[in-house]
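The values are calculated or read from the model by the stated rules, or taken from the named source; none is laboratory data. What you see is a predicted model, and the numbers here were worked out from it, not measured in a lab. Cβ placement follows ideal geometry from the backbone for every residue including glycine, while neighbour counts extend to all protein chains displayed.
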């Protein structure tokens with residue numbers, strides 16, 4: 001069983017940036033709805049994706065939702081990952097944020113996130129990059145084992161900027 005915000009986030013798996021000056025219409029809509037001061041998909045948008053998915057389900061976002069590391073101060077701290085948790089990852093030059101969806105066969109964390117290879121994807125991440133796990137305030141953490149999700153030998157994500 002998955003939390004409703006994760007189910008909603010999965011609906012955006014086909015969203016990709018548009019190369020050049022154009023911006024993907026869905027990303028542009030998220031930026032308008034979140035009242036961003038920018039309107040392009042060339043600016044890192046992982047926090048935009050997470051905020052839009054949560055807000056669409058009536059869950060408040062942090063004040064600085066556009067900064068991946070700002071999610072470390074939002075919601076309830078989790079010691080261990082859980083399906084649907086917001087995971088905050090270290091990245092050279094900043095951070096990255098997405099939703100935990102499981103583990104792969106190599107034990108890496110599988111993350112549903114925006115701006116992963118310029119798209120909304122599920123990608124493997126090395127656990128050494130994890131800065132924290134957060135859960136929406138007021139919601140019960142769903143228990144159970146983490147699902148095993150095939151990454152088909154994909155390299156760990158290194159393209160989230």
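Mind listing whichever residues of the stretch 64-84 are in contact with a helix residue (DSSP H, G or I) (Cβ under 9 Å, 6 or more places away or on another chain) and either modelled with pLDDT under 95 or closer than 23 Å to residue 150 by Cα (or both)?
Hits for the stretch 64-84 are 81, 83, 84.
For the stretch 1-45, which positions are assigned to a loop (DSSP other than H, G, I, E, B), within 15 Å of the chain's Cα centre (by Cα) and either at pLDDT 95 or above or exposed (fewer than 13 other Cβ atoms within 10 Å of the Cβ) (or both)?
Matches in the stretch 1-45: 3, 11, 12, 13, 14, 15, 45.
With respect to residue 70, determine if the residue is closer than 13 Å to residue 136 by Cβ, part of a helix (DSSP H, G or I) and without any contact (Cβ under 8 Å) to a residue 60 or more places away in the chain.
Taking the combined requirement at face value, the residue does not satisfy it.
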